[in-house]
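The values are calculated or read from the model by the stated rules, or taken from the named source; none is laboratory data. All figures in this text were calculated on a predicted structure; none of them were measured in a lab. All Cβ positions, even for glycine, are placed from backbone atoms using ideal geometry, and neighbour counts span all protein chains on display. When the accessible area is computed, the model is the full protein with side chains, heavy atoms only, and any ligands, DNA or RNA have been set aside. Shrake-Rupley method; radii C 1.70, N 1.55, O 1.52, S 1.80 Å.
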Amino acid sequence: MLIRPATAGDLPAVAAVYAHYVDTSVVTFDEIAPELPFWEARLRKLGERDLPFLVADADGEVAGYAFASQWRPKPAYRHTVEDTIYLAPGRTGQGLGRALLGELLPRCAKAGARQVVAVIADTGQDASAALHRAFGFTSAGRLTGVGFKLGRWVDTELMQLDLTR
């Protein structure tokens, strides 16, 4: 398995991975999976800011992906990013999330990020929060009942990592 920068050729697989979670889970609050042009624009915009967009390449297949995007659109937030990590169905529990986040964080620092925020939907599973804790993220708060998807209200946990420490 190789962690490498995403290319335009990876984007159909990235879109398919994300679509799976849009359709089957509350880990994303999107209700309609974005089409390929969305992912092309995302790759281009992150590249313009030198923010990382990585894929886990397992024998030529995208087994997962991770990227960092600006936390909020206002200019004063330009040094704070939000991380995003998704693994292909059937690829969880294999260390891919750890490999992706481990590669993503130093690239965020290199791009000038000082803070990384993770917004984790409370699904009743601790895997995402545990992954972030393993890299030094700490709890920054909880937003209760902020999303409604698949017939239920969902909380989000905010976690934060200071890259300057």
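Using +1 on the beta carbon of Lys and Arg, -1 on that of Asp and Glu, and nothing else charged, what's the dipole of the range 25-165 about the Cα centre, debye to 20? Don't jump to the answer; show the numbers that get you there.
On the way: 17 positive and 17 negative charges, 117 e Å.
Roughly 560 debye, rounded to the nearest 20.
Mind ranking Tyr18, Tyr77 by accessible surface for me, highest first, 1.4 Å probe?
Most to least solvent-accessible, the answer reads Tyr77, Tyr18.
Hey, can you find the accessible area per residue of the chain for me, probe 1.4 Å, expressed in square angstrom? Could you put the intermediate results ahead of the total?
On the way: 8850 Å² over 165 residues.
Heavy-atom SASA per residue in the chain reads 54 Å².
Please report, as a whole percent, how much of the solvent-accessible surface of the chain comes from carbon and sulfur atoms (probe radius 1.4 Å). Intermediate results must be reported in sequence, preceding the final value.
Values: 4590 of 8850 Å².
Carbon with sulfur: 52 percent of the solvent-accessible area.
Can you compute the FRET efficiency between Thr164 and Arg142 using 1/(1 + (r/R0)^6), with r the Cβ-Cβ distance and R0 = 22 Å? Round to the nearest 0.05.
After rounding, the FRET efficiency stands at 0.35.
Given the options His79, Ala63, Cys108, identify the residue whose Cα lies farthest towards the positive end of the charge dipole of the chain (+1 on Cβ of Lys, Arg; -1 on Cβ of Asp, Glu).
His79
Label point 7 Å out from Met1 along Cα-to-Cβ: which residues of the range 31-61 have amide N under 11 Å?
It comes to 56-59, nothing else.
Identify the GluC sites (Glu not before Pro) of the range 39-80 meeting these criteria: DSSP loop state and at most 14 other C-beta atoms within 10 Å of the C-beta.
none
How do 151-164, 109-122, 25-38 rank on mean C-beta neighbours within 10 Å, highest first?
109-122, 151-164, 25-38
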